[in-house]
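Here is the structure we will look at.
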């Protein structure tokens, strides 16, 4: 999502797009508690009344931003091997979290979710969608005989993301390419060892 | 740390203890952005002037709270096997994050760290200490011949915590005993497969 992007759908959609772009930028620049609705309206060039009537709270805006992000599909890799697919997933997550703007945005969204149930619900839905988009990589590995049929496919995909988020959130450091390589390798090794059998 | 705990060190130490207890409770009840120094002073029964002079900002109080938490040592397990030690570590982290008060406190601290560099530094130091307390479990496994001598011992311990924090922070759900079992098993399997060779 960028400010230059033009969305279909008329004025209401343009207003939403402008406000969500402003919210993402404010989250990156000020953190989840560093702005209010009036500030978002000013940044987006939208009347305060419209923003208060349509969203009402900063939490509702942030939840709407996450819902909007969830709509953008990120197609899974299909390299033909579990190791290749998980490496591609790890590198995608690494690149997102290591990007200065995106990394700060995701850290701010996680922080906002700890204090706002609506944001937490939206974020859980966001991750459920992302995980489900990549589960077929693990299901294909099962079909190829690389993994046991009882493997919890979602757990394997989550295991790739976990150490990369853990590094960003507990150390405040962007994950490195070495972190990504280890995250993918650890998830694959654990899956092959039967740790994720359900 | 509890309100009932009496610390040595005279009035200054008692003031610090009372304020840090109030800060932990405010973080649990209100989140990282839900209170100010005046509110902390009121909750702790300390004069506002003292609090402003000694800490100056909420970020400084939260950083001091984390530094205080880092002082409390949690001894490593010594079960005689890598699997047993990592299972004990996973269960300790699970129990902390699944405890309603502690889980909310850690989520709030991670959230605060995303917006305040002093808190982020203190939190990184906190986790460095916790990880280093448990690294000997992995070093002992190397000495017993369970793992390759080139194993990055800190990385193995971090791999146990990562999925438990990931679940709490991205799903807003306390980690379960099954999550802990998988976290320990995945870290051990990956270590045995050589994923954490440095």
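Coordinate-derived values only; no laboratory data. This structure is a prediction, so every number in the text was calculated from the model and none was measured. Positions of Cβ are generated from backbone atoms using ideal geometry, with glycine treated the same way; all protein chains shown enter the neighbour counts.
Figures for the structure shown
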{"item": "Segment residue A:71-residue A:197, extension gain: residue separation times 0.36 nm, minus the distance between their alpha carbons", "result": "42.3 nm"}
{"item": "For residues of A:178-186, the mean tally of beta carbons on other chains within 10 Å", "result": "4"}
{"item": "Rounded to 10°, Cα long-axis angle of helix A:117-143 versus longest principal axis of chain A", "result": "30 degrees"}
{"item": "Residue-averaged beta-carbon neighbours from other chains (10 angstrom radius) around A:30-42", "result": "2"}
{"item": "Per-residue average of Cβ from other chains inside 10 Å of B:77-87", "result": "0"}
{"item": "Computed helical MRE - 222 nm, chain B, DSSP H runs ≥ 4 contributing -39500 (n - 2.57), nearest 500", "result": "-23500 deg cm²/dmol"}
{"item": "7 Å along Cα→Cβ, label-point gaps from residue B:54 to other copies, nm, shortest first", "result": "4.9"}
{"item": "Sites residue A:13 and residue B:171 - FRET efficiency at Förster radius 35 Å, r taken between beta-carbons, to 0.05", "result": "0.70"}
{"item": "Net lengthening on full extension, residue A:30/residue A:60 (0.36 nm per residue, minus Cα-Cα)", "result": "9.1 nm"}
{"item": "Sorted largest first, extent of the protein assembly as shown alpha carbons per principal axis (Å)", "result": "67, 58, 30"}
{"item": "Top of A:81, A:50, A:170 by mean-square fluctuation, Gaussian network on chain A, Cα under 10 Å", "result": "A:170"}
